[in-house]
Amino acid sequence: MSSNLLNLGLISLAALGLLLVLALLAGLITLAVLYLIDRNQSKHSIRRNYPVVGRFRYFFEHMGEFFRQYFFAMDREELPFNRAERSWVYRAAKDLDNTIAFGSTRSLEPTGTVMFMNSAFPTLSDTAAHWQPKRIGPGCRHPYEPQSFFNISGMSFGALSKPAVQALSRGAKQAGCWMNTGEGGLSPFHLEGGCDLVFQVGTAKYGVRDQTGELSDDKLRSLAAHDQIRMFEIKLSQGAKPGKGGILPGDKVTEQIAKIRGIPIGQDSISPNRHLDITSNADLLAMIHRIREVTGKPVGFKCVLGDTDWLVALFELIRERGPEFAPDFITLDSADGGTGAAPQPLMDYVGLPIRESLPWLVDQLIASGLRERIRIVASGKLMVPSKVAWALATGADYVVSARGFMFSLGCIQALQCNRNTCPTGVTTHDPKLQRGLVPADKAARVAHYHRQMVYFLEMIAHSCGVPGPSDLERKHVRMVTDNGLSAPLDYFYQNRIPLNSVN
């Protein structure tokens, strides 16, 4: 019996040894083949000079996107969002304690640093007034009074996955905020959560165009019949790619997305860089008036500011024609806004950041006598309480965020939104990757994030001695100047903003 066991053991060891030899031979053959391929190819210099070993460069370059934020970047130095900002959103979305200890890691010395001025007698929280809705489109048949000053910015079904849209829709309903559809048209997943929706009319007019690609009144009426659709937003430009239309890579154009947009399956969805039927301010006002008359609902436009003369001329035209021809709102995007895919030169170098453009727009509307007629919606990296509070104090009526709500869904800033490989399922249409995003669970996180934002905005407002966030003004904020000392926000902008169109 013992000899049989010994023989079996020897046979097993021999088999294991043979397997190891075969595996070693297979590995050596593979390395030899890769060596010959690398040595004789001519496209990659590193692989040609360092066969096989040079391949690790691409592996480490790819993995660096994931590990840099965890091991190498400091809390406040990473872009587009640093670890401190992301961590705040993650904790808020999970409804965890959001306090910190020992001291802030944020330096108060760099030029442009924003600081809120606390009052000697802060407002007591239990006596603070709640936020009062500001009506949009008072002259419309169906004006809109949003129940929240913080809402979800435009992200299309296509740029986002099905479970991501479902989670945002359900979470927005729980939070009582609106959700912008983005330029990809209306999907059933936008509707299923029951939240208020802002329908975005992109330059390709997905969802509202006829067979020839023109704006369709019938489709506008059909959309307006949905009670959930409360406003229409004409997209002129966005901060991440001014002068360029939407880009949805072909591998993200599924059969369902193609049907909603009216485009071929699997082909890149490239929107025109502007509306073909809007060539002037008069054309823009005509389209606003047309959509408002057909739908009976508020209509505005979205843009990122670069040249400002056109907007000065637009306000002059509105004064000539009358306030009834004005847009009901303007969504102002920042040059550092985000997107699923954009050319790097446009993302890096074109357009004005909202820190400069928002105060200018507010002041220009005041000078034109249109401030109470046109509501301002601010957008662009406004995803933490301090930045939202800054926008409200500067003069915004509402604030919208896209990437903040993406982080609440579990986004890890893997920077793969332009591919179909998002590891968290937020921006991919790969069913295997989407499996990680459970709409019911993430919807609760969306609502938590929104509630925490409102809570901390109220905390900042009370510290400044006012009843609520909508009562914040520029006098409550100071900004560090070139000499290292701070100045009130209103003084800083009035004397330093370099826009030649300011009246």
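Every number here is computed from the coordinates shown, using simple stated rules; none is lab data. Owing to the predicted nature of the structure, the values given are computational and were not obtained by experimental measurement. All Cβ positions, glycine included, derive from the backbone under ideal geometry; neighbour counts span all protein chains shown.
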Integer Hz, Karplus 6.51/-1.76/1.60 couplings in order for the range 364-376, x for Gly and Pro:
5, 5, 4, 5, 8, x, 10, 4, 7, 7, 10, 7, 10
As a footprinting exposure proxy, order 405, 325, 157, 189 by other Cβ within 10 Å, with the fewest listed first.
325, 189, 157, 405
Rounding to the nearest 10 and keeping the result within 0 to 90°, find how far the Cα-based axis of helix 55-67 lies from the longest principal axis of the chain.
40
What do you get for the angle between helix 83-93 and the principal long axis of the chain? Use alpha-carbon atoms, 0 to 90 degrees, nearest ten.
80
So how far apart, in nm, are the two label points at residue 147 and residue 277 if each is 7 Å from Cα heading toward Cβ?
3.5
For the chain, give the share of DSSP beta bridges that are antiparallel, in percent and rounded to the nearest 5; count only bridges with both residues there.
25
Relative contact order in percent for the range 311-375 (Cα pairs under 8 Å, 6+ apart) equals 47
Once both labels are modelled 7 Å past Cα along the beta-carbon direction, what's the residue 430-residue 23 spacing in nm?
2.6
Please report the relative contact order for the chain, taking Cα pairs under 8 Å with a sequence separation of at least 6, and give it as a percent rounded to a whole number.
19
Can you compute the equivalent ellipsoid semi-axes for the range 130-268, i.e. the square root of 5 times each eigenvalue of the Cα gyration tensor, sorted largest first and rounded to whole Å?
25, 17, 14
Listed with the fewest Cβ neighbours within 10 Å leading, 37, 234 appear as 37, 234
³J(HN,Hα) computed for each position of the range 291-302 - Karplus, 6.51 cos²θ - 1.76 cosθ + 1.60, integer Hz, glycine/proline x
5, 5, 5, 6, 9, x, 10, x, 9, x, 9, 10
Pairing the Cα long axis of helix 385-394 with the longest principal axis of the chain, what angle in degrees results, from 0 to 90 and rounded to the nearest 10?
30
Which one is right for this structure if Cα Rg over 2.2 N^0.38 Å is calculated from it: [x] 1.15; [y] 1.07; [z] 2.25?
[x]
Surrounding net charge for residue 193, when Lys and Arg each add one and Asp and Glu each subtract one, Cβ distance under 13 Å:
+2
For 472, 317, 392, 236, what's the fewest-to-most ordering of other Cβ within 10 Å of each Cβ?
317, 236, 472, 392
For n ≥ 4 DSSP H runs only, could you compute -39500 (n - 2.57) per run for the chain, divide by its residues and tell me the 222 nm figure to the nearest 500?
-12500 deg cm²/dmol
Calculated from backbone phi, Karplus (6.51, -1.76, 1.60) coupling profile of the range 12-19 in Hz, x at Gly/Pro:
5, 5, 5, 5, 5, x, 5, 4
Take residue 214 and residue 415, extend 7 Å from each Cα along the Cα→Cβ direction, and tell me the distance between the two endpoints in nm.
4.5
List the residues whose amide H sits under 5 Å from the amide H of residue 304, counting only those 5 or more places along or on another chain, with H placed 1.01 Å from N in the peptide plane.
237, 238, 333
What are the residues whose amide H is under 5 Å from the amide H of residue 157, where those residues sit 5 or more places off or on another chain and H is modelled from the backbone?
184
Suppose R0 equals 22 Å; then what is the FRET efficiency for residue 438 and residue 95 from their Cβ-Cβ distance, rounded to the nearest 0.05?
0.85
